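The values are calculated or read from the model by the stated rules, or taken from the named source; none is laboratory data. Since we're looking at a predicted model, the values are computed, not measured. All Cβ positions, even for glycine, are placed from backbone atoms using ideal geometry, and neighbour counts span all protein chains on display. Please note that ligands, DNA and RNA were not included when accessible areas were found on the heavy atoms of the full protein model with its side chains. Shrake-Rupley method; radii C 1.70, N 1.55, O 1.52, S 1.80 Å.
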Amino acid sequence: MYYVYIVRCRDGSLYTGLAKYLCRRMREHSARTAACAKYTRSRPVTALEAVWRTETRSSAASLEALIKSLPRAQKLALIAAPDTLLPRYASRLPAQDYTPLAGITLEACLDGSAML
């Protein structure tokens, strides 16, 4: 399993990434260590806004690239309704299952109550 996620940073900006181990990645972003993204090191992460699960790294990379290419307004629309990803962008993604995961928070990843 791979996860594609959108996080909100303290300055209000959005960062999109992918991870095999979502909660470990959230801890890296939050700790702002060398393992976190350069972007989130200078802009602390405040919320995990949306998460999708995929079967393969290549499908996760395709989804990450798609989301990164979207304007902010479309990213905000995906955050508001993550289940609309496939109806909106199926023609731009490889035929894979992109399952939105609801209810996963940054806090749950950080305190260990989410095990992804």
Placed amide H near Ala114: partners under 5 Å, 5+ positions off or other chain
Cys109
With every protein chain in place, the chain: carbon and sulfur % of accessible area (1.4 Å):
53 percent
In order over the range 84-93: 3J(HN,Hα) from phi, Karplus 6.51/-1.76/1.60, θ = phi - 60°, whole Hz, x for each Gly or Pro, gives 8, 4, 5, x, 7, 10, 4, 5, 9, 10
Hey, if you put +1 on the Cβ of every Lys and Arg and -1 on every Asp and Glu Cβ in the range 26-116, which of Ser113, Ala77, Ser42 ends up farthest toward the positive end of that dipole?
Ser42
In sequence order, calculated HN-Hα J values of the range 99-111 (Karplus, 6.51, -1.76, 1.60; Hz; x Gly/Pro):
8, x, 10, 9, x, 8, 10, 4, 4, 5, 5, 6, 8
With Cα extents along the principal axes in Å in mind, check [x] 67, 33, 29; [y] 37, 28, 24; [z] 37, 35, 25 and report the label derived from this structure.
[y]
So what is the relative contact order for the chain, in percent, with contacts set as C-alpha pairs under 8 Å and at least six apart?
32 percent
Using just the helices of the chain, give the 222 nm mean residue ellipticity in deg cm²/dmol: DSSP H runs with n ≥ 4 each add -39,500 (n - 2.57), and the total is spread over all residues, rounded to 500.
-11000 deg cm²/dmol
With unit charges on the beta carbon (Lys/Arg positive, Asp/Glu negative), name the residue among Ala61, Thr33, Tyr21 whose Cα is farthest towards the positive pole of the charge dipole of the range 12-81.
Thr33
Using +1 on the beta carbon of Lys and Arg, -1 on that of Asp and Glu, and nothing else charged, what's the dipole of the chain about the Cα centre, debye to 20?
460 debye
Using alpha carbon centroids, what distance separates the range 6-35 and the range 58-92, in Å?
18 Å
